[in-house]
Amino acid sequence: MTRGRGGDWDDWDDWDDGENVLSGNSRSVRVYSCSFVQFVVNWGLFASICVIRGYTGFIRVNLCLQGLVFYSQINVKFAVRKINVDCMDIQEIKQRFSIIGNAPGLNRAIEVALQVAPTDLSVLISGESGVGKESFPQIIHNYSHRKHGKYIAINCGAIPEGTIDSELFGHEKGSFTGALNDRKGYFEVTDGGTLFLDEIGELPVSTQVRLLRVLETGEFIRVGSSQVQKTNVRVIAATNFDLTHAIREGKFREDLYYRLNTVPIKVLPLRERGNDVLLLFRKFASDFAERYKMPTIRLNEEAQKIFLGYRWPGNVRQLKNITEQISIIETDRDIIAEKLVHYIPTEETGFLPALYGRESDSRAHENERTMMLNALIGMKKELDDLKEKFNQLLKIKPAVNHDAESDEGFVQLYPEDISTGEHNEPLFSPGFPKPVGRPHIQDTEEFVEESLSLEEKEMELIFKALERHSGKRKLAAEELGISERTLYRKIKEYNIAQK
């Protein structure tokens, strides 16, 4: 505390860690570090007048009032500046990543992505197919400290079940058929970067266990190796269906779900984004007009109402495709409602895409069994036709040189004693040829009707196809009319490889 001529000066708390000091005679007052010139000048003039006239008590009151005024002005300016910066950041992000729309839900998703970007938390992005989920992992990566590291996006549904472990975690030379060299997996390649796993719900359960270990400890083991390796990868996952429903059905691990869902981001479907539909249409129409060197199409008021009222099951992807169709096909650039009937389907086929899981697997198996059963039925029918033709040939062949006696012998080829049930030797008339092929026809008939087990026939067909193509699964799968992934699973299921 310092003293002056006009009385006691109270201690003045520092408003900030400023360094500007106002000194005069035996008293000094530390003021706000951003002490504006106007603040200093005004307060100095007022203090001088008060000291001259002896009103020292007014100095403290005036200083407090002006300090509060300027402090509040600074806070207001800072808040306004922060709001403007946030708005500018969102708009810059939309321009940088080609995001069109002003829906509050879309802006909120971008804000969450920006807030979580500086951290290393796992993010789960959910939304229907075609809403643009792939843009948000790029936002998170580019605004994080990993932006100089690698960013790799993987579609888990596009990798065969038998090779997905090798793709993610790598493999050692000779660990399986075709592993001619060591290979690094995505977790090893993206060390220090970001890995985006799209359609995470389609991961096999065995792979989910290994992924959980990487998320928890950062450790993984290559396929065919026993050496534990470390990695520092940020995982961002995306799904187009409800994982909680998959957990209840046993298709997805609950512990992995909660580990991935540290920060959820929900991307709204197009039908919930209001006028963003029209903004996207104008953007796509302008792009296609520039690409195909033609005038831009426009929607009248009625056509706009149809666009706003349509459900858009394919979301932004469907809107883009329809806009491109209209831009190319229609000669009139003003689109009316009647023309949209040819491009917008009236009956929706359901949510896109089809869910993957046990139910779809069983349905696929049923379709495969049906195809093979139809093939077997067709083979049996062809064999029956062949047998019938062969019998006809046997009956027609003796007609070249036979007489009346041979006709009588032909009728009694296989006489049977009805009373005793004993079979006698066949009687042949002189000059009548013996039907050599008869017993073989009977054996063939018994072989066809011996077993109709679908699994046995399925194994036999797969085995023959592999044998015909020297073990090349791709060619065998093409001949059987199934995918190579399905053939691989069938071989493993029936243990054909060991035969």
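Exposure proxy for ASP385, ASP287: other Cβ atoms within 10 Å of each Cβ, ordered fewest to most, give ASP385, ASP287. Descending by average beta-carbon neighbour count within 10 Å, the peptides 276-282, 338-344 line up as 276-282, 338-344, the highest first. Of all lysines in the structure, the ones whose alpha carbon falls short of 17 Å from that of LYS389, not counting any fewer than 8 places away in one chain, are LYS380, LYS381, LYS397. Averaged over residues, the count of other Cβ atoms within 10 Å places the peptides 315-324, 226-235 in the sequence 315-324, 226-235, highest first. Near ALA477, within a Cβ-to-Cβ distance under 10 Å, what is the net charge of the other residues, with Lys and Arg +1 and Asp and Glu -1? Charge balance near ALA477 sits at +2.
Taking 32 Å as the cut-off for C-alpha to C-alpha distance, list the pairs among LYS184/LYS472; LYS184/LYS490; LYS94/LYS230 that go past it.
In this structure, LYS94/LYS230 lie more than 32 Å apart at Cα.
None of the figures in this text is laboratory data; all of them are computed from the coordinates on show. Note that the coordinates shown come from a computational prediction; the quantities given were computed from them, not determined experimentally. FYI the Cβ positions are ideal-geometry reconstructions off the backbone, even for glycines, and counts take in every protein chain you see.
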